[in-house]
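The values are calculated or read from the model by the stated rules, or taken from the named source; none is laboratory data. Nothing here was measured: the structure is a model prediction, and the numbers come from that model. Because the Cβ atoms are built from the backbone with ideal geometry, glycine has one as well, and the counts that use them run over all protein chains shown. Keep in mind that these areas ignore ligands, DNA and RNA; they rest on the heavy atoms of the full protein, side chains included. Shrake-Rupley method; radii C 1.70, N 1.55, O 1.52, S 1.80 Å.
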Amino acid sequence: MNEKSSASQMFTISKYWFLNYLRSKRLYVLLAITVVISLIFLVVIWKFVNAEYLTSNEYIENWAMFVAFLVTLAALFFGGDAISSEYGKKTGYFLFPNPIKRWSIFWGKFFASLLASLIALLLYWGIALGDTYMVKGSVGIEAYYSLGLSLLYLVTILAFTYMFSSFFRNAAVSITIVAILYFFVFGIVNSIAMFTGVEPWFSITYAASVIENILKNPYPPHIQQLHGNGMSITVFNAPLYMGIGIMIGYFLVSAVIGTLVITYRELK
Amino acid sequence: MYVEAVNLTKKYANFYALRNLNLRVEGSKCIGYLGPNGAGKTTTLKLFTNLLRPTSGDAIINGYDVKREPKKALGDVGALIETPNFYPYLTPMEILSIVCEIRGVPKKDIKESLKKVRLYEWRDKKVGKFSKGMLQRLSLASAMVTNPSILILDEPTTGMDPQGMKEIREIIKELKKEGILIFMSSHLLPEVTYVCDEVAMINRGRLILYDSIDNIGKEFSSQSVVVEFLSPVKDIREIEKIDNIRAVTGISSYKLRISFSGGAEKQYEILSTLIKQGYKVISFQSESLALEEAYVKLIGGDNNE
């Protein structure tokens, strides 16, 4: 028998895992959610935002506000159970005894999830950019930077979700924990940071603020002290390179840990 | 082609699931791997298929250590461990395509494999709706679709109806003719006797017997037969007087279990004598209990559960 390269095996896993997504209708559900939210945004922005007084970047910032949420949703949809199901639902008994490195399975699935998430994210950005062009007549280069940052955020969040998925056997547990982290824990951490004055450089959602901030002119200051009613708070805005650095750091750490866990974790 | 365990040990906290197993099976034959629940059978097979990592020792297939070189070690191995699940929205054709593509093998035998396990009619249905028996059949198909030289099967007839069990045994017997090495765990002694050439028996993580079915037959055979008569037997003492008969026990007035000493030749003489003495024998059935005898003698009531 010819020994297939790990890259080629990874492609095989990607192909069939993506096919599984298509048949499971998960992708269509996320696309439907994306379209519905886009339609709501179109109506709300057209009705309540006076585009006449906004620049192109300020206008598309309304759209960019939702990007982080959409990315998180996509990561939960496609990454939450991707690895845990191999253990919890016993699909690992089918795949693991084959002559394939476990990391090929991890990254094969990761790329399928990334492709599925990208379709939803690019659809959203397509609508956002199209709407901005129609209303403002032009799209600033910063909008494309924002798009690029949202892609980086997607890769990071997906890797982070995959890492958690590799820790657990039960898909519901991994999805719930990751959702709680994204929607509550990081939010609380960011709020605590405002009151304590400690910069939340370890928070991925803090880093994600660069997706919106890149559209602001001027770029918001890194640290702002606000005083009032006898109290003071500190508003942190991650500088662009810090935001990118945090995301890359999260990606690298998640990727290494996730790969190691699936490589050494036993299927008992 | 061979599968070898060298001081293979798997320990969980203070419990040894497998302790210093040394076993080498090779050649084109079928080896039954027997033992009570918790003896370490599945642990051994999982160590050979890279699902578990040994605490110490080596699981070696065709010269390659499974832990260090899993791709090479498992390159020519088909495996069925427990009852796997498959990606629910894929079809059997696609499931077997994954296996072929991963192993770089043409897909020409996919349909034939599905026909063998009687899933051909279901080839384009999503596997998410399959019963346990069907999943087991699909697992066997995925193990053999690439025509590997070695098959590692963990209780391959589990979850199947009697007809399905029979079919799987016949498939395994057919595979033996193709000259492959089959290493198969089972709870079912008649199944092992019917399908396998050799038996390895373990208990509490240790190997306690490895021999051919024939040798086990010689060593442990209970040498008893069940004889059925047309009319009730009035006095079994008359039968006990026949040469080489050690004991006669009544199962019913029409049916007796006769224990004797000697081989097939003596068995023939006993039957002839019974008929000569006017007993109307309507059936005369050997009880192939050798493996059961060996199992009971070596493991007995030593239940690990």
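Worth a mention:
- Odd one out for B:Gln136, checked against (1) in contact with a strand residue (DSSP E or B) (Cβ under 9 Å, 6 or more places away or on another chain); (2) facing another protein chain (nearest Cβ under 10 Å): (2)
- Within segment A:240-268, residues that are β-branched (Val, Ile, Thr) sit with their Cβ atoms under 7 Å from residues that are in a helix (DSSP H, G or I) and open to solvent by 60 Å² or more (accessible area, probe 1.4 Å), at 6+ positions apart or across chains, in these pairs: A:Thr259/A:Trp103; A:Val261/A:Phe167; A:Ile262/A:Trp103; A:Thr263/A:Trp103.
- Condition check for B:Tyr120 on (1) open to solvent by 10 Å² or more (accessible area, probe 1.4 Å); (2) touching a helix residue (DSSP H, G or I) at 6+ places or on another chain (Cβ under 6 Å); (3) within 14 Å of chain A (Cβ to nearest Cβ): one failure, at (3).
- Residues of segment A:226-250 that turn out to be open to solvent by 50 Å² or more (accessible area, probe 1.4 Å) and of a type in the set (A, V, I, L, M, F, W, C), as a count: 4
- Taking the listed residues A:Lys25, A:Lys47, A:Lys15, the one that is at pLDDT below 90 and within 30 Å of A:Ile262 (Cα to Cα) is A:Lys25, with no other qualifying.
- Selection from segment A:144-170 of residues that are more than 14 Å from the chain's Cα centre (by Cα), within 26 Å of A:Asn213 (Cβ to Cβ) and in contact (Cβ under 8 Å) with a residue 40 or more places away in the chain: A:Tyr145
- Answer residue from segment B:25-42, given it is within 14 Å of chain A (Cβ to nearest Cβ) and surrounded by fewer than 24 Cβ atoms within 10 Å (Cβ to Cβ) and is modelled with the lowest pLDDT among those: B:Gly38
- Scanning segment B:139-152 for residues that are within 9 Å of chain A (Cβ to nearest Cβ) and of a type in the set (A, V, I, L, M), we see that the one that is nearest to B:Val117 (Cα to Cα) is B:Ala143.
- Selection of segment A:89-107 for residues being touching a Phe, Trp or Tyr at 6+ places or on another chain (Cβ under 8 Å), surrounded by fewer than 24 Cβ atoms within 10 Å (Cβ to Cβ) and within 19 Å of B:Glu94 (Cα to Cα) yields only A:Thr91.
- Selection within segment B:235-255 - open to solvent by 20 Å² or more (accessible area, probe 1.4 Å) and part of a loop (DSSP other than H, G, I, E, B): B:Asp235, B:Lys241, B:Asp243, B:Asn244, B:Ile251, B:Ser252, B:Ser253, B:Tyr254
- In summary, strands (runs of 3 or more DSSP E) completely within segment B:179-234 and bearing 1 or more residues that are without any contact (Cβ under 8 Å) to a residue 60 or more places away in the chain and of a type in the set (Asp, Glu) occur at B:206-212, B:224-229.
- When we screen B:Leu51, B:Leu18 for residues that are more than 8 Å from every other protein chain (Cβ to nearest Cβ), open to solvent by less than 40 Å² (accessible area, probe 1.4 Å) and under 23 Å from A:Arg265 (Cα atoms), the only hit is B:Leu18.
- Restricted to segment B:206-221, and to residues there that are among the polar types (S, T, N, Q) and surrounded by fewer than 16 Cβ atoms within 10 Å (Cβ to Cβ), the residue that is nearest to B:Glu26 (Cα to Cα) is B:Ser212.
- Condition check for A:Leu114: in a helix (DSSP H, G or I), under 14 Å from the mean Cα position of the chain (by Cα) and closer than 16 Å to A:Gly258 by Cβ: yes
- Boolean, B:Ile95 is on the phi < 0 side of the Ramachandran plot, at the interface with another protein chain (Cβ under 8 Å from one of its Cβ atoms), β-branched (Val, Ile, Thr) and buried (at least 21 other Cβ atoms within 10 Å of the Cβ): yes
- Candidate set from segment A:198-214 (those that are assigned to a loop (DSSP other than H, G, I, E, B) and open to solvent by 40 Å² or more (accessible area, probe 1.4 Å)); member that is farthest from A:Ala143 (Cα to Cα): A:Val198
- For A:Gly126, the criteria (1) touching a helix residue (DSSP H, G or I) at 6+ places or on another chain (Cβ under 8 Å); (2) away from every other protein chain (no Cβ under 14 Å); (3) part of a helix (DSSP H, G or I); (4) of a type in the set (Gly, Ala, Ser) hold in every case but one, which is (1).
- Answer residue from segment A:1-55, given it is open to solvent by 90 Å² or more (accessible area, probe 1.4 Å) and under 30 Å from B:Leu96 (Cβ atoms) and is nearest to the other protein chains (Cβ to nearest Cβ) among those: A:Asn2
- Screening B:Glu155 against (1) surrounded by 23 or more Cβ atoms within 10 Å (Cβ to Cβ); (2) within 18 Å of B:Ile31 (Cβ to Cβ) leaves a single unmet condition, (1).
- Residue within segment A:18-26 that is among the aromatic types (Phe, Trp, Tyr), assigned to a helix (DSSP H, G or I) and either touching a Phe, Trp or Tyr at 6+ places or on another chain (Cβ under 6 Å) or without any contact (Cβ under 8 Å) to a residue 60 or more places away in the chain (or both) present: no
- Filter result for the condition that a residue is facing chain A (nearest Cβ under 7 Å), of a type in the set (Phe, Trp, Tyr) and touching a helix residue (DSSP H, G or I) at 6+ places or on another chain (Cβ under 9 Å), over B:Tyr87, B:Tyr64: B:Tyr87
- Residues located in segment A:79-106, provided they are away from every other protein chain (no Cβ under 14 Å) and part of a helix (DSSP H, G or I): A:Gly79, A:Phe106
- Filtered by the rule that a residue be open to solvent by 50 Å² or more (accessible area, probe 1.4 Å) and assigned to a loop (DSSP other than H, G, I, E, B), segment B:159-178 gives B:Asp161, B:Glu178.
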